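Accompanying notes for the structure given below.
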Amino acid sequence: MIEFLEKVCCSDVTVKVGRGAIREVENLPGRKCIVHPKSLNPGLKGDLEIAIDDGEKGKDLKNALEIVDRLLEHDFTRGDYLVAVGGGTVLDVAGFSASIFMRGLNLVNVPTTLLGMVDAGIGGKTGVNYGEAKNMIGTFYQPSLILDDISYLDTLPTEELRRGLAEVVKYALVLDKELYDFLSLNHSSILEKEETSLERVISSSVRDKLAVVAEDERETRGIRIVLNFGHTIGHAIEAGSDFTVPHGLAISVGMVCEAKIAEEMGYAEEGVVEDVLWLLQLFGLPISPEGLNARVDVEKALNAMTKDKKRRGEEVLMPFPTRIGNWRGVRVPLSTLEGFAKQCLGGN
């Protein structure tokens, strides 16, 4: 078991990574409300249990308010705990509920996928959909405890594991040369789910993300932008495929495209693109649109890119890898980005 504590803004976030980490919930003082997807039996004893829908259907403001109603009905106080067990939907909805209940209830995140352990369960962003708008209502609210129990990964299909590893590769490329080297030398044991390798990969990823969040929790200093490497074009790919391409695969191709743009614009050292390609291929991740096994409508993708939340006027702020483990924020003219993206995605 790996355990560490990071200070994020005014909050202390304790992280525990290892088999059986979820049992730490039993040692929490106060009352506990367990929120989980309907498809999962968390096997935890709590004072209140709430099951919500999986996927985007569950990210509804009504679900968040229902959790608040149930907490009030059962006389929960700010000294008690909301324990979110599941994937991104549960973590988002439960986190939002915890942030607005009495202006802040103790939150424990227990992600059940690798993607959740290395990304969605960290950083304090909560959100629910409203109307047709995704994540329109949300808050920044840090969990007091993150429990990454690798036993949840025992039954995770290899393809799902690869998708989560795309986010790990992202941290390695722009933030963590040591992690890059570890991934390079241990890719086989990671894909085989060897416990010590998984613990190292997860704990390094969590530390990397929390370090960035600690410097720029609310995205006001231009530092947290680094976590979006591969995502500008990755999100466009998702939209261009009508969201049939999974997030991890989309950002894998997005990282290749964005590394090529960085090199073409003179920000990346020679060889960075080759390093990106090599590491992604080690983990069997796609490096071009052809590897996605899905049709991506380039015009639809480009249209989605113009609506990127990092756009400011006619520019998009992007994190570019300068060399492995280092990055630089660059304002890229939208017309320039569109030209590169069209070339990368195969548009005419």
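Per-structure values
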quantity: Some residue of region 91-99 being among the small types (Gly, Ala, Ser), out of contact with any Leu (no Cβ under 8 Å at 6 or more places or on another chain) and open to solvent by 10 Å² or more (accessible area, probe 1.4 Å); calculated: no
quantity: Positions within region 164-179 being open to solvent by 10 Å² or more (accessible area, probe 1.4 Å) and outside any loop (DSSP other than H, G, I, E, B), in sequence order; calculated: Lys177, Glu178
quantity: Region 224-266 - residue that is in a loop (DSSP other than H, G, I, E, B) and surrounded by fewer than 20 Cβ atoms within 10 Å (Cβ to Cβ) and, of those, nearest to the chain's Cα centre (by Cα); calculated: Pro246
quantity: From Lys38, Lys62, Lys7, Lys32, residue being open to solvent by 80 Å² or more (accessible area, probe 1.4 Å) and touching a residue at least 40 places away in the same chain (Cβ under 8 Å); calculated: Lys7
quantity: When residues of region 292-327 are limited to those that are outside any strand (DSSP E or B), touching a helix residue (DSSP H, G or I) at 6+ places or on another chain (Cβ under 7 Å) and open to solvent by 40 Å² or more (accessible area, probe 1.4 Å), the one nearest to Asn135 (Cα to Cα); calculated: Lys300
quantity: Of all residues making up region 49-86, the number that are under 21 Å from the mean Cα position of the chain (by Cα) and assigned to a loop (DSSP other than H, G, I, E, B); calculated: 3
quantity: Every residue from region 278-287 that is open to solvent by less than 40 Å² (accessible area, probe 1.4 Å) and without any contact (Cβ under 8 Å) to a residue 40 or more places away in the chain; calculated: Pro286
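The values are calculated or read from the model by the stated rules, or taken from the named source; none is laboratory data. Note that the structure is predicted; figures quoted are calculated from it, not measured. Cβ: placed from backbone, ideal geometry, glycine included. Neighbour counts: every protein chain shown. Please note that ligands, DNA and RNA were not included when accessible areas were found on the heavy atoms of the full protein model with its side chains. Shrake-Rupley method; radii C 1.70, N 1.55, O 1.52, S 1.80 Å.
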